[in-house]
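To start, the structure under review is shown below, and the notes come after it.
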Amino acid sequence: MEDSPQRSRPTERRPGIAVGRALGVPVHLNASMFLLAVLVTVMYGEFVRRQLDLSQLTAYLVGFGFVVCLLGSVLLHELGHALTARRYGIGVRGITLELLGGYTEMDRDAPNPRVDLLVSLAGPAVSLVLGLAAAVTTLLLPDRTLINQLAFQLAVSNLIVAVFNLLPGLPLDGGRALRATVWAISRDRHRGTEVAGWVGRVVAAGTAALVVLLTTAGLLQPIGLALMLLVAFTLWQGAGQSIRVARISRRFPMVDLARLARPVFPVPSGTPLAEAQRRGAAAGSQAATLGVADSSGRLVALVDRVAAEAVPVERRPWVAVDTVARGLGGVPRIALGLRGEQVLHAVQSNPGPQYLVTSGEDVVGVLHIADLAQVLEPNRKLAP
C-alpha cells in the first residue's frame with residue numbers, strides 16, 4: 001500500500017530477498033510477505049471452501065493462487081511508479097513487496113512538483129485499471145464459480161488499494177500527491193513533505209478509530225481488526241519518518257565538512273595511552289581525535305575513544321595507544337567537497353562511528369557521526 005521512494009532517509013530500509021527482475025527493475029520480497037501469504041492462503045481458502053464446497057486441499061491451493069495474483073497486482077502497482085519515474089529520468093533501485101503492500105526505491109527525488117505528482121498517481125492508476133478490468137470480468141463470468149470468485153476478489157482488492165492509497169497523507173501515494181501540491185504552491189518541498197506527514201498521522205489515527213468502530217459494530221472480525229490496526233500503526237510510523245526526513249533535509253545546507261571535521265592530534269606508535277591523553281590535553285586538543293603515527297610521522301591509525309575510556313585509569317600508563325587504535329584502512333573516507341545530502345548518502349552507504357575527511361590523499365580531519373547527527377537533529381538525544 002505504501003510507496004517510499006525518497007533517497008535521503010535517516011535510515012535505510014532492507015530490500016529483502018531478491019527474486020528477480022521485472023522490466024529491468026530488481027524485485028525483492030520482504031520476509032513479512034511470507035506471513036501474509038500464509039494468512040491469506042488459509043483465510044481465502046476457507047472462504048471458497050464454504051462457498052463452493054471444495055476439499056480443504058483444493059481450497060488452500062486456490063487460496064495460494066489468490067496470493068500469487070495479489071502479489072502480481074502489487075508488483076504492477078509499483079511498476080507504475082517505477083516506469084513513470086524512469087520516463088522522467090529518475091533511476092529506480094528496486095521494488096520491495098512486503099506485508100502491507102510494497103515500495104519503490106528511487107535514486108533521487110523528483111526534480112519538480114509536476115513529476116512528483118505524476119509518479120505518485122501512476123501506482124493507483126494501475127490498481128484502478130486492474131480493479132475495473134477484474135470487475136468487468138466478474139460480471140461476464142458465471143456466478144458462484146471458482147474463476148468468478150477469484151476475479152471478484154481481485155477486483156475488490158485492487159479497487160481498495162487504489163482508493164486507500166489516494167488518501168492524502170504520507171507514506172501513501174495520495175500523501176505524495178499532497179506534498180507535490182503544497183510544494184507547487186509554497187515552492188518549498190520540505191514544507192510539502194512535513195504537511196503531508198502530519199496529514200498522514202491524521203489518516204492513521206482515523207483508520208484506527210474506524211476499524212475499532214467497525215469491530216464494535218460486528219462488521220469486522222478480530223483478525224481483520226489486528227491487520228487493520230497494523231496498517232494504521234505502519235501509516236503512523238511512515239508519517240513520522242516523513243516529518244523527520246523533511247526536518248533533516250531542511251538542515252542539509254548547514255553540513256560543512258571543513259567545520260565539522262575534528263583535527264587529528266598524532267602521537268608516536270608505542271606511546272602509553274595515559275601519556276597520549278596528557279599530551280592531547282596539554283596541547284588544548286580535547287576536541288581533537290587522537291591518532292597514531294609511525295616512525296616517519298605518517299598517520300596510520302585513529303584511537304577509538306570508547307575503547308580508550310574502557311581502559312582503567314590505573315592501567316593506562318602501561319597500555320600502548322596502539323592497542324585501542326583502529327588502522328586507517330578500516331575507517332571509511334569522505335571527500336572534503338561533499339555537502340548536505342551527499343554526506344548523508346555516504347554515511348548511509350558505509351555506516352560507522354567516524355570517517356576520515358580527505359582532500360586528495362591528505363587526511364584533513366575526522367568526522368564523528370555524533371557531530372553530524374547534532375547538526376541534522378539538534379534536539380534528538382544520542383547515546384554517548
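The values are calculated or read from the model by the stated rules, or taken from the named source; none is laboratory data. Treat the numbers as computed from the prediction; the structure is a model and nothing was measured. Note that each Cβ is placed from the backbone with ideal geometry, even for glycine, and that neighbours are counted across all protein chains shown.
Figures for the structure shown
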| read-out | value |
| --- | --- |
| Extreme residue, nearest to Tyr103 (Cα to Cα), among residues of the stretch 238-278 that are touching a Ser or Thr at 6+ places or on another chain (Cβ under 7 Å) and assigned to a strand (DSSP E or B) | Arg262 |
| Among the residues listed as Ala177, Ala133, Ala208, Ala196, the single one being touching a Leu at 6+ places or on another chain (Cβ under 8 Å) and under 30 Å from Thr41 (Cβ atoms) | Ala208 |
| Failed condition for Val343, given (1) touching a strand residue (DSSP E or B) at 6+ places or on another chain (Cβ under 8 Å); (2) farther than 25 Å from Ser249 by Cβ; (3) modelled with pLDDT of 90 or more; (4) of a type in the set (Val, Ile, Thr) | (2) |
| Some residue of the stretch 348-357 being among the small types (Gly, Ala, Ser) and either in a strand (DSSP E or B) or surrounded by 15 or more Cβ atoms within 10 Å (Cβ to Cβ) (or both) | no |
| Options Ile185, Ile160: the member that is farther than 24 Å from Val40 by Cα, out of contact with any Asp or Glu (no Cβ under 8 Å at 6 or more places or on another chain) and in a helix (DSSP H, G or I) | Ile185 |
| Scope the stretch 51-96; condition part of a helix (DSSP H, G or I) and of a type in the set (Asp, Glu); matching residues | Glu78 |
| Residue identified as outside any helix (DSSP H, G or I), closer than 21 Å to Gly123 by Cα and at pLDDT 90 or above among Gly169, Gly175, Gly192 | Gly169 |
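Residue-by-condition table, conditions (1) more than 20 Å from Asp362 (Cβ to Cβ); (2) more than 34 Å from the chain's Cα centre (by Cα); (3) not in a strand (DSSP E or B):
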position: Ala281; (1), (2), (3): yes, yes, yes
position: Leu290; (1), (2), (3): no, yes, no
position: Ser295; (1), (2), (3): no, yes, yes
position: Leu302; (1), (2), (3): no, no, no
position: Val306; (1), (2), (3): yes, no, yes
position: Glu314; (1), (2), (3): yes, yes, yes
position: Pro317; (1), (2), (3): yes, yes, yes
position: Asp322; (1), (2), (3): yes, yes, yes
